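To start, the structure itself, in structure tokens.
The values are calculated or read from the model by the stated rules, or taken from the named source; none is laboratory data. What you see is a predicted model, and the numbers here were worked out from it, not measured in a lab. Here the Cβ is made from the backbone with ideal geometry for all residues, glycine too, and neighbour counts use every protein chain on show.
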Amino acid sequence: MCSSDAWRYAEDRLLLVSRTFALNINILAGKLHRSILLAYLYLRIADTIEDDPVMGASEKGRILSLFAAIFESADLADSKIQQFVEALPESWKSSEDPNMDLCLHAGVVVPLLHELPEKYACPVREVVVEMCGGMAKFALRQEQALSNGWFTLESVADLDEYCYYVAGIVGKLLTKVFAADSCFINAERQKKLAQLDVSFGLALQVTNIVKDCIEDSGRRVCFVPEEICRRHGFEHSYDMFAEGADKKACAAALGELVQKAWKHLDDSIEYTKLIPRVNMRTRLFCLWPLFMAAQNLSLIGDGLSVFVSDKKVKITRDDVKNIVKNTMRHFYSDRWIDETYNKLKASH
């Protein structure tokens, strides 16, 4: 496949495998757009392996290691890509799942990284290797836990570690490629960004955990730490989803994660304001998911609505359109960003 066809495949695949991130990735342009597009697709490949409901943890670890090995050197060896693809389950070849199709086409999307300058490509390789290692670790932990019925996390530290590997390290990638792309981000500004960047990924991940907790319980998964749930009268975190569970106690437990998400969002807003105003597209890339997360948390409030509503509590398409429209008008104004964000936070 020629380079232009390979990029077309990558762009098309993004729209099929991303529910929301395609929107803000596609506001970017040039090498920054391409580096984050490729990073997203590579991490989606890793995520597809880690999420597979059939594959055992040791097999997931083996395949994730094969994928990480591709990125351990800059040459992205074809032999390593082929070895990874050949290790994928045979059943994936007949699947219509676009995520599995993406994995099978690693030989199309991985070599595209060669077309980017090293200052963009190196951070992408680093994040893939680190995320694969973390995912393999938690896949094994999840399998061991599920043998007893549920996947749970004991402590807030466990939650922080999990969220770091699946989302926090993305913030580190963003700082590096933002700095590579903008001559206005000097060493001092990059250092300030680096102090906040992990929170960018954690804000979005913890918000999703709060928003999706009922959905996750259907898979016998609960990310609300056991130590939090015990503080609110539950022997185990999954007791929150038992028939007759005290809804106020459920809300109080989940509410601790709501507050945690808000704290990470506070840092993420400061992170975004450090991006020079002249880098409009980069600011919008950050503002859109952050304001969507803040509006979702505002709707969720103290957490009770998650347990008493018949429908999943989340923002509407019109809400998304309004966020896009308003931020495009005011992206340059730190004062507007603060005022709008603080209104959302106060209303929860």
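Farther than 20 Å from Ser347 by Cα and either touching a Lys or Arg at 6+ places or on another chain (Cβ under 6 Å) or among the β-branched types (Val, Ile, Thr) (or both): which single residue out of Leu274, Leu284 fits that description? Give the derivation first.
Values: Leu284 fails: either touching a Lys or Arg at 6+ places or on another chain (Cβ under 6 Å) or among the β-branched types (Val, Ile, Thr) (or both).
Going through Leu274, Leu284 in turn, the sole match is Leu274.
Among the residues in the range 236-243, are any buried (at least 22 other Cβ atoms within 10 Å of the Cβ), at pLDDT below 95 and assigned to a loop (DSSP other than H, G, I, E, B)?
No: zero hits.
Would you pick out the residues in the range 76-113 that are touching a helix residue (DSSP H, G or I) at 6+ places or on another chain (Cβ under 7 Å), within 15 Å of Leu64 (Cβ to Cβ) and not in a helix (DSSP H, G or I)?
Passing the criteria: only Leu88.
Of the residues in the range 318-344, how many are free of Cβ contacts under 8 Å to residues at least 12 places away in the same chain, more than 30 Å from Glu256 (Cβ to Cβ) and part of a helix (DSSP H, G or I)?
Filtering the range 318-344 for residues free of Cβ contacts under 8 Å to residues at least 12 places away in the same chain gives 318, 321-322, 325, 329-330, 333, 335-336, 339, 342-343.
Adding the requirement that they be more than 30 Å from Glu256 (Cβ to Cβ) leaves 318, 321, 325, 329-330, 333, 335-336.
Narrowing further to those that are part of a helix (DSSP H, G or I): 318, 321, 325, 329-330, 335-336.
Final tally of qualifying residues: 7.
Could you give me the residue pairs with C-beta distances under 6 Å whose first residue belongs to the range 226-255 and is within 14 Å of Leu153 (Cα to Cα), whose second residue is polar (S, T, N, Q) and buried (at least 20 other Cβ atoms within 10 Å of the Cβ) wherever it lies, and which are 6+ apart or on separate chains?
Taking only residues 6 or more apart or on different chains, the pairs are Glu226/Thr152; Glu226/Ser237; Cys229/Ser237; Ser237/Thr152.
Out of all the residues in the range 290-317, which are touching a residue at least 40 places away in the same chain (Cβ under 8 Å) and among the acidic types (Asp, Glu)?
Asp302
Ser305: of a type in the set (Ser, Thr, Tyr), surrounded by fewer than 20 Cβ atoms within 10 Å (Cβ to Cβ), part of a helix (DSSP H, G or I) and at pLDDT 95 or above, yes or no?
Values: of a type in the set (Ser, Thr, Tyr): yes; surrounded by fewer than 20 Cβ atoms within 10 Å (Cβ to Cβ): yes; part of a helix (DSSP H, G or I): yes; at pLDDT 95 or above: no.
So Ser305 does not fit the description; no.
Return the total of residues in the range 17-56 being in a helix (DSSP H, G or I), surrounded by fewer than 16 Cβ atoms within 10 Å (Cβ to Cβ) and modelled with pLDDT of 95 or more.
Here the count works out to 1.
Please work out which residue is nearest to the chain's Cα centre (by Cα), limiting yourself to the range 223-235 and to residues that are at negative phi and part of a loop (DSSP other than H, G, I, E, B). Working first, answer last.
Just the residues of the range 223-235 that are at negative phi, to begin with: 223-232, 234-235.
Those still in the list that are part of a loop (DSSP other than H, G, I, E, B) too: 223-225, 232, 234-235.
On the way: Phe223: 15, Val224: 17, Pro225: 19, His232: 28, Phe234: 29, Glu235: 30 Å.
For the range 223-235, the residue satisfying everything is Phe223.
Report, by residue number, each residue of the range 128-150 that is touching a residue at least 24 places away in the same chain (Cβ under 8 Å) and either in a loop (DSSP other than H, G, I, E, B) or among the aromatic types (Phe, Trp, Tyr) (or both).
Phe138, Gly149, Trp150 - these are the residues of the range 128-150 that are touching a residue at least 24 places away in the same chain (Cβ under 8 Å) and either in a loop (DSSP other than H, G, I, E, B) or among the aromatic types (Phe, Trp, Tyr) (or both).
Assess whether Glu130 counts as being in contact with a helix residue (DSSP H, G or I) (Cβ under 8 Å, 6 or more places away or on another chain), over 26 Å from Ile25 (Cβ atoms) and surrounded by fewer than 21 Cβ atoms within 10 Å (Cβ to Cβ). Steps first, answer last, please.
Details: in contact with a helix residue (DSSP H, G or I) (Cβ under 8 Å, 6 or more places away or on another chain): yes; over 26 Å from Ile25 (Cβ atoms): no; surrounded by fewer than 21 Cβ atoms within 10 Å (Cβ to Cβ): yes.
Spelling it out, it is not the case that Glu130 is in contact with a helix residue (DSSP H, G or I) (Cβ under 8 Å, 6 or more places away or on another chain), over 26 Å from Ile25 (Cβ atoms) and surrounded by fewer than 21 Cβ atoms within 10 Å (Cβ to Cβ).
Quick check on my filter: what residues within the range 256-282 are touching a Ser or Thr at 6+ places or on another chain (Cβ under 6 Å) and free of Cβ contacts under 8 Å to residues at least 60 places away in the same chain?
Within the range 256-282, the first condition is being touching a Ser or Thr at 6+ places or on another chain (Cβ under 6 Å), and the residues that meet it are 261, 264, 267-268, 275, 279.
If the condition is that a residue be touching a Ser or Thr at 6+ places or on another chain (Cβ under 6 Å) and free of Cβ contacts under 8 Å to residues at least 60 places away in the same chain, then Ala261 is the only one that fits.
Taking Asp12 as the residue in question, decide whether it is closer than 23 Å to Val170 by Cβ and modelled with pLDDT under 95.
No, not satisfied.
Say we look at the range 1-16 and pick out the residues that are in a helix (DSSP H, G or I) and free of Cβ contacts under 8 Å to residues at least 60 places away in the same chain; which of these is farthest from Met280 (Cα to Cα)? Full working, then the answer.
First, pick out the residues of the range 1-16 that are in a helix (DSSP H, G or I): 3-16.
If we keep only those that are free of Cβ contacts under 8 Å to residues at least 60 places away in the same chain too, we end up with 4-5, 8, 11-12, 14-15.
Numbers: Ser4: 27, Asp5: 29, Arg8: 25, Glu11: 22, Asp12: 24, Leu14: 22, Leu15: 23 Å.
Filtering the range 1-16 for residues that are in a helix (DSSP H, G or I) and free of Cβ contacts under 8 Å to residues at least 60 places away in the same chain, the one farthest from Met280 (Cα to Cα) comes out as Asp5.
Taking only the range 71-84 into account, find how many residues are surrounded by fewer than 17 Cβ atoms within 10 Å (Cβ to Cβ) and not charged (D, E, K, R). Break it down into steps so the answer makes sense when it comes.
Step one: of the range 71-84, the residues surrounded by fewer than 17 Cβ atoms within 10 Å (Cβ to Cβ) are 72-75, 77-79, 82-83.
In the following step, the residues that additionally are not charged (D, E, K, R) were identified as 73-74, 77, 79, 82-83.
Looking only at that region, the number is 6.
Please go through the range 92-120 and pick out each residue that is among the small types (Gly, Ala, Ser), exposed (fewer than 15 other Cβ atoms within 10 Å of the Cβ) and modelled with pLDDT of 95 or more. Give the steps one after another, and end with the answer.
To start, the set of residues in the range 92-120 that are among the small types (Gly, Ala, Ser) comprises 94-95, 106-107.
If we keep only those that are exposed (fewer than 15 other Cβ atoms within 10 Å of the Cβ) too, we end up with 94-95, 107.
Residue satisfying the conditions is Gly107 alone.
Go through the range 209-222 and give me each residue that's within 21 Å of Lys311 (Cβ to Cβ) and outside any helix (DSSP H, G or I). Give the steps one after another, and end with the answer.
Step one: filter the range 209-222 for residues within 21 Å of Lys311 (Cβ to Cβ), giving 209-219, 221-222.
Selection gives Asp212, Gly218, Arg219, Val221, Cys222.
For the range 5-42, how many residues are in contact with a Pro (Cβ under 8 Å, 6 or more places away or on another chain) and hydroxyl-bearing (Ser, Thr, Tyr)?
The total comes to 2.
Need the failing condition index for Arg281 against (1) surrounded by fewer than 19 Cβ atoms within 10 Å (Cβ to Cβ); (2) assigned to a loop (DSSP other than H, G, I, E, B), just the number.
(2)
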